[in-house]
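**Q** Before anything else, here's the structure in question.
The values are calculated or read from the model by the stated rules, or taken from the named source; none is laboratory data. The shown structure was predicted, so the numbers you read here are calculated from the model rather than taken from an experiment. Quick reminder, even Gly has a Cβ in these numbers, built from the backbone with ideal geometry, and neighbours come from all protein chains shown.
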Amino acid sequence: MTPDIAAQLDAALAALKAGALDRAFSLAKTALKVAPDAEPAQTVAGLVFCELGLWQRAVDCLEKSLAQKPGAAKFSALGLAQFQLGRLKQAEAAYQAALQRRPDDLAGLIQLGKILTQRGKLEQAETINARALALAPQNAEVLSNLGYAGLAQLQPAVAADWFRQALAQQPGNIAAHDGLLMSLAYLDDTTLEDLRAAHLAYGAAMTQSPLSRRVDSGDPNRKLRIGFLSADLRRHSVAYFLLPVLQHLDRTAFEILLYADNRVSDDYTAKFQALADHWRLVNGRKDAELHRMIAEDAVDILIELGGHTAGNRLGALAQKPAPVQITWLGYPGPSGLPAMDWRIVDAVAHPWPISPGPDRPLFLPGGYHCYQAPQEAPAVALRPNGADIVFGSFNNAIKIGPRCAALWSRVLQAVPQSRLLLKSVNMASAMQRERLLGLFTEPERITLLDTAPDAAAHLAQYAQVDIALDTLPYNGTTTTCEALWMGVPVIGLRGAVPAARVGESLLLQAGLPELVAEDEAAFVAKAVDLAGDAGRRAALRQGLRGHMAASRLCDAARFAAAFGAALRQAWREYRSSQSPAG
């Protein structure tokens, strides 16, 4: 490699360090063009591409560089790029290789701990997180990692404690705020005031002055540009509720922009892309860049679909790139973001008093979900006569806490010839199985299933279930709809916090108010009555799918019309607030 190229690469690294990404990119590209096989050129280009979020190009360069000269920093960069592309197995291997060379690299330990937790390798994650904690016992990122590991290990109370410790060290740690909010949603004793305080704390950490933005002075009834932002525009629970809305939304009134923060794409991604007037793949883009993209697209209303769930991009909305911002669907509660104008919900699932300010409820009449079952859903399979009653839940096991397990144990005790089938992720983990079964009084009556290979196989497993039991205090959403579609009635319990109101909202939309219990005694009684009535169960098994298909819950045309009317209402209120009188 010539001295000129070496100097150019040094300049690229200096530009990268200074944050001059355009210059770093230009210099790295030139060096790569002149010396495409040189290890230093591949290394520098790989690092620059990582910083720019050009993850596949980074992988290509770093793999070529590592083939010539292995190094810890390059393995770490490769691990980050593979992680951003959703290739967790390859990312794990890269970070393991980096840590073999630098065992005490804190950043590598932190990232590997995240990956192992996401892959369900809970025991290995515990070991790596312990190493990181020994190196940096007050590091907020390490403490936050331990919180997320606690959630994966079905210990939301333990997780909440780790997240609080992280926030004590770094009050602005957004990942810890997100984790604490998710932990609180799973805990039995969380109150509305607890949730309010935690969301306000998150909002204080995220408060930024909105950037100057356009004031619309055109026709208030003009066609609006509606942006949807999600990390889940793929085969995911969000897709089953968003897809029918986009299919039926009035395109003479609304232009659709989809901002996909997907790490992976699939057949549902293709469906979304076909429905979009404008498709933006934004994975890997930093918050400031995503903010600028939304603003330059002149989006009128931006709807974010993640809330505080994994992969959310609330940070990109903190300075309000769109005049009207709305949260919906992915998270059962408000965002807490000061720049969030509205939360789409219904009156059943909104337990707070209505007050002005961020996250105001934008009520949809008749429910705020619209379900579309996967096309590959199998036919409803009838249960054999005389078989033992099987209660079931296919919800994520983190939703099964001490109160939920105690209530379900009462159901099992009240129906002696019955069993409980639980299906969730990470059931292959001995740690998770032990902790879950330890919550129940008769664990020998419980069968555990891990995830199915595809949607059809997953839905087919409802053939083993007679009656589904909804989780509390964090209700199921997709699982409730799937059970009903497969002919399995779901017994729900009215709760106090938003996450505990979703089940009632769905069952009312589905036209099944008789399945909603007002208290725990009524929950047990409904389960016992249904278990003892073979004729009613058979009728539900045969008729639920048709009943559900004809209900408000699956009426996409009606829902899309109500959804569009709500968006227009939000826009008119914004326009009114911009007028001199407002």
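**Q** Before we move on, is L439 touching a Pro at 6+ places or on another chain (Cβ under 9 Å) and assigned to a loop (DSSP other than H, G, I, E, B)?
**A** Details: touching a Pro at 6+ places or on another chain (Cβ under 9 Å): yes; assigned to a loop (DSSP other than H, G, I, E, B): yes.
In short, yes.
**Q** Of the conditions (1) within 30 Å of D267 (Cβ to Cβ); (2) out of contact with any Pro (no Cβ under 9 Å at 6 or more places or on another chain); (3) at pLDDT below 95; (4) assigned to a loop (DSSP other than H, G, I, E, B), P356 clears all except one; give me its number.
**A** (1)
**Q** Enumerate the pairs (first residue in segment 16-27 and under 18 Å from A288 (Cα atoms); second residue anywhere and assigned to a helix (DSSP H, G or I)) with beta-carbon separation below 7 Å, excluding pairs fewer than 6 apart on the same chain, so at least 6 apart or on different chains.
**A** Going by the 7 Å Cβ cut-off, the qualifying pairs are L16/A24; L16/L47; L16/V48; L16/E51; L21/E51; L21/L52.
**Q** Considering each residue of segment 279-313, count those that are more than 23 Å from D178 (Cβ to Cβ) and in contact (Cβ under 8 Å) with a residue 60 or more places away in the chain, and give that number.
**A** 6
**Q** Every residue in segment 106-158 that is farther than 20 Å from F83 by Cβ and either in a loop (DSSP other than H, G, I, E, B) or touching a residue at least 40 places away in the same chain (Cβ under 8 Å) (or both), please.
**A** If the condition is that a residue be farther than 20 Å from F83 by Cβ and either in a loop (DSSP other than H, G, I, E, B) or touching a residue at least 40 places away in the same chain (Cβ under 8 Å) (or both), then E123, A136, P137, Q138, Q153, L154, Q155, P156 are the ones that fit.
**Q** Do any helices (runs of 4 or more DSSP H) entirely within segment 16-105 hold 3 or more residues that are in the same structural domain as P3 (by TED's automatic domain parsing) and buried (at least 24 other Cβ atoms within 10 Å of the Cβ), and if so, which?
**A** Counting at least 3 such residues, we get 21-34, 39-52.
**Q** Within segment 555-564, identify whether any single residue is over 25 Å from C481 (Cβ atoms), outside the structural domain of G503 (by TED's automatic domain parsing) and within 32 Å of the chain's Cα centre (by Cα), and answer yes or no.
**A** Initial filter on segment 555-564 (over 25 Å from C481 (Cβ atoms)): none.
Looking for residues that are over 25 Å from C481 (Cβ atoms), outside the structural domain of G503 (by TED's automatic domain parsing) and within 32 Å of the chain's Cα centre (by Cα), one finds none in segment 555-564, hence no.
**Q** May I ask you to say which residue of R225, R263, R214, R280 is among the charged types (D, E, K, R), at pLDDT below 90 and in contact with a Leu (Cβ under 9 Å, 6 or more places away or on another chain)? Step through it out loud before you land on a result.
**A** Details: R225 fails: at pLDDT below 90; R214 fails: in contact with a Leu (Cβ under 9 Å, 6 or more places away or on another chain); R280 fails: at pLDDT below 90.
It is R263.
**Q** What are the residues in segment 134-163 that are within 21 Å of the chain's Cα centre (by Cα) and not aliphatic (A, V, I, L, M), if any?
**A** E141, S144, N145, G147, Y148, G150, Q153, Q155, P156, W162, F163, listed by residue number.
**Q** Report yes if N145 is outside the structural domain of V497 (by TED's automatic domain parsing) and over 30 Å from T207 (Cα atoms), otherwise no.
**A** Spelling it out, it is not the case that N145 is outside the structural domain of V497 (by TED's automatic domain parsing) and over 30 Å from T207 (Cα atoms).
**Q** Another question, then. Give the residues of segment 517-536 that are surrounded by fewer than 19 Cβ atoms within 10 Å (Cβ to Cβ), touching a helix residue (DSSP H, G or I) at 6+ places or on another chain (Cβ under 7 Å) and closer than 30 Å to D188 by Cβ, sorted by residue number. Working first, answer last.
**A** Start the filter on segment 517-536 by keeping residues that are surrounded by fewer than 19 Cβ atoms within 10 Å (Cβ to Cβ), which leaves 518-522, 525, 528-529, 532-536.
Now narrow it down to the ones that are touching a helix residue (DSSP H, G or I) at 6+ places or on another chain (Cβ under 7 Å): 520, 528, 536.
Once the filter is applied, which keeps residues that are surrounded by fewer than 19 Cβ atoms within 10 Å (Cβ to Cβ), touching a helix residue (DSSP H, G or I) at 6+ places or on another chain (Cβ under 7 Å) and closer than 30 Å to D188 by Cβ, segment 517-536 yields E520, V528.
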